[in-house]
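Colleague: Pasting a structure below so you can have a look.
Read-outs: derived from the displayed coordinates by stated rules, not from any lab. Computed from a prediction, not measured in an experiment: that's the story for all the values here. Please note: Cβ atoms are built from the backbone with ideal geometry, for glycine as well, and neighbour counts cover all protein chains shown.
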Amino acid sequence: MANSRRLREANHHTIQQTDNDLAAQHAASDFALRKRIHEFERALDELNWQKKQVNNYLSTDKLLLLNLIMCMCIMYIWVICMYVCMYVWMRVCIYVINYYC
């Protein structure tokens, strides 16, 4: 009977030790998982911030490029207008010269 009692106590002790080991392992894996999730969220926040910065930079560059293109178009139109005005003025001068001379 004493042997049976010692065997039960040994089994109970083994079960308790296993439960303690499982609880410790669960706590450790839970902590590691929470830590990994936190690192992932920090990395995701960093990437979103970088994306925002790049988009702001690109939108600024796009605006500058569009302004430059508009300025070039305006200058091109101005040059064409000047050529047209010069051509018309030249034709008027030729007409006046031919008419009065």
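Colleague: So if each residue of separation counts as 0.36 nm, and I subtract the Cα-Cα distance between Asn20 and Lys52, what length gain in nm does that give?
Modeller: 6.7 nm is the gain from fully extending Asn20 to Lys52.
Colleague: Would you kindly compute the Cα radius of gyration of the chain and its largest Cα-Cα separation (Dmax), both in Å?
Modeller: Considering the chain through its Cα atoms, Rg and Dmax are 43.0, 147 Å.
Colleague: With 10 angstrom as the radius, rank Met1, Met82 by how many other C-beta atoms surround their C-beta, starting from the fewest.
Modeller: Lowest to highest Cβ neighbour count: Met1, Met82.
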